[in-house]
Amino acid sequence: QGISTVMEKWKPHFKLLQNGILSREADIGIPGICRGAGCEKAALYRCLECTQGLPYCDSCIVTAHRHLPLHWVDKWDCGYFNRVEVSTLGLIVHLGHRGEPCPNIPTGANFSPSNMATLHVNGMHSLKIHWCHCVDRPTRASQLIHAGFFPATPETPESAFTIQLLEEFHLHALTSKKSAYDFVRALYRLGNNAFPDDAKERSREFNVATRIWSYLVMEKRSGQAHEMDSLLPHRQPGSLVVHCPACPEPGFNMPEGWKDTPPNLAYIHQIQLGADGNFRLQKKTKQDDPNDRSLCPGRSYFADEDVFNDYLASVGDENAPVTCTNLKAGNMQRATKFKNCDVTGVGAIMCIRHGLFCRGAIVDFQKGERFSHIDYALSAALRGCDELLDIKFTYDVGCQYRIHLTKRWIERFPEQYELIKRIVVKVPRMHIEVHKDDCKLQHALGYTCGAGLSHGETVEHPWAENNQAGAMTREMNRGARHDKLNDLHAFWNWLKVQKMGKSPAFKLSDVLKLANFIQQFS
């Protein structure tokens, strides 16, 4: 059905829906008698965040929200409902004992609970906190974490963010590329849409917390929090990437004796890599902290910035690569596009069979795309591939890139010289259309043994998705930018792994059609 048909079905119900919405603004039980067990006090409070919440008095509403301190409560006040916090009615959050008061809480008139500014999915709150005072008590930051709050500072926290909030923002940022600033502005309005500026400003602390949270989640999901390296000793230590489970990996997913596979089946153990440059993920020269570095240098998708800069200094300046038809690889990018940018784009290597980014194989461009950048990224992607016998590599200027390839490797990566001699460099199927005719014959994947139906353009796929983060990361410091893009690339890899099981089923029908077509002419 078209959307017009659907809307026509809904229109007769608009009045009924509006009446239902307006009825929630009132409550026939308020003012009235409290619905708490055995209580006969006046009911002046309600909670719309509780499903079908009952009208309560002040003490009963506090009791009902003992473990729900972040609900907003409505108080009947001179003919209208006024939103209040449960903490203003006497609710105190006790830490360290699953909500129960610590038996060692100090007594006396001078002792009072601590105030904790807390940002939750429904706005900014001001909680009252009683810490644990036992002799062997955890740190205050640890007490908050165990209660579901992430401290804004590690030592004497006075602000916190709920873990539920961090989890929700993380998914929002990954799927919709929403900035932390816009997200926090919306939260302030959820708390008080009439006067959102009354909320305590916590945007800077939220940026710090979300960056740390993303790193900790990456560390947990990669297994590093559980010492995964001891179970997979053949991999580079400290890896935080989502590895491609289908690419050949000796010691992990390849059978014993795989090297004895007949030549006509050798493609089974082939790895296919592809390179491409992207000029949307720039970085402006403006920055607040020039010393900011990634929380996981070289352990995720971007190369270690300091090591990469040392490498570039040793290589020196290079000219921009061109194709055999003199077409610039940067697609004739306008110089004004890179004005006031110290990073003009990125170059990446990924497995083009399955579409996953490789560890340490994304680098920043400083003055456009250069072979030295792609060399470094490819070298990182080839780590762990020393035993593989069949390696295909595609690049839009592959016909020129392969010239002096082994010479560059002897000078820059001598430990991989034997490996680079086995690599077969080709041009992706779409890009090769602008190459010379003899180049199409020499470097086309369609004429390459073992390449199958690979088109080599897979490395282009993630840019449409991740380019949405370009505006958000362009103003960031170097370290924050790398951490955000690492997080996005990890999410991309995870989506690929999730759908990898369904992909063969989708492609099977195409294969059967092709087989039937070939059989008709055989």
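List of remarks:
- Cα centroid separation, region 474-501 to region 382-396 (Å): 23
- Within the chain, percent of DSSP bridges classed antiparallel, to nearest 5: 70
- Under the convention that each Lys and Arg Cβ holds +1 and each Asp and Glu Cβ holds -1, the size of the dipole of region 3-89 around its Cα centre is about 260 debye.
- The charge dipole of the chain, taken about its Cα centre with unit charges on the Cβ of Lys, Arg, Asp and Glu (plus for the first two, minus for the last two), comes to roughly 1140 debye.
- Overall form of region 112-221 per C-alpha gyration tensor (a/c, 1.5; a/b vs b/c): oblate
- Within the accessible area of the chain (1.4 Å probe), percent carbon and sulfur: 55
- Distance (nanometres) between label positions extended 7 Å along Cα→Cβ at HIS133 and TYR80: 4.2
- Cβ-Cβ distance of ARG24 and ARG66, R₀ of 22 Å, FRET efficiency by 1/(1 + (r/R0)^6): the value works out to about 0.35.
- Between helix 14-23 and the chain: long-axis angle, C-alpha atoms, 0 to 90°, nearest 10: 50
- Placing ARG46, ARG137, ARG185 in order of accessible area, with the largest value first and a 1.4 Å probe, yields ARG137, ARG185, ARG46.
- Candidate residues MET500, MET7: accessible-area rank, largest first, probe 1.4 Å: MET7, MET500
- Normalised contact order of the chain, rounded percent, pairs of Cα under 8 Å and 6 or more residues apart: 11
- For the pair LYS284 and SER203 in one chain, pulling the backbone fully straight at 0.36 nm per residue adds 27.0 nm over the alpha carbon distance.
- Most positive-pole-ward Cα, SER372, PRO113, LEU453, against dipole of the chain from beta carbon charges: LEU453
- Global size of region 256-520 as Cα Rg and Dmax, reported in angstrom: 19.1, 67
- Placing +1 on the Cβ of every Lys and Arg and -1 on the Cβ of every Asp and Glu, with no other charges, gives region 96-183 a dipole of roughly 40 debye about its Cα centre.
- Rounded, prolate or oblate (a/c below 1.5 giving rounded, otherwise prolate when a/b exceeds b/c) for the chain by Cα gyration tensor: prolate
- Here's the list of lysines a cross-link from LYS128 could span, going by alpha-carbon distance under 20 Å and ignoring same-chain residues fewer than 8 apart: LYS75, LYS200.
- Measuring r between the beta carbons of MET7 and ALA194 and using R0 = 25 Å, the FRET efficiency lands at 0.20.
- Distance between region 148-221 and region 83-99 - C-alpha centres, whole angstrom: 21
- In the structure shown, the pairs LYS286/LYS496; LYS220/LYS484; LYS367/LYS484 are assessed against 24 Å; a Cα-Cα span above that value is assigned to LYS286/LYS496.
- Taking region 112-221 and dividing mean pair separation by its residue count, relative contact order in percent (alpha carbons under 8 Å, at least six apart): 26
- Rounded to the nearest 10 degrees, the angle from helix 180-191 to the longest Cα principal axis of the chain is 20 degrees.
- Here ASP310 and ARG383 are evaluated by their C-beta separation; at R0 = 22 Å the FRET efficiency comes out at 0.80.
- For the pair LYS513 and ASP292, the difference between a 0.36 nm per residue extended length and the Cα-Cα distance amounts to 74.1 nm.
- Whole-number accessible area per residue in Å² for the chain, which is evaluated in the context of all protein chains at 1.4 Å: 55
The values are calculated or read from the model by the stated rules, or taken from the named source; none is laboratory data. All values reported here derive from a predicted model rather than from experimental measurement. Using ideal geometry, Cβ is built from the backbone for each residue, glycine included, and neighbour counts are taken over all protein chains shown. Accessible surface is based on the protein model in full, side chains and every heavy atom, while ligands, DNA and RNA are left aside. Shrake-Rupley method; radii C 1.70, N 1.55, O 1.52, S 1.80 Å.
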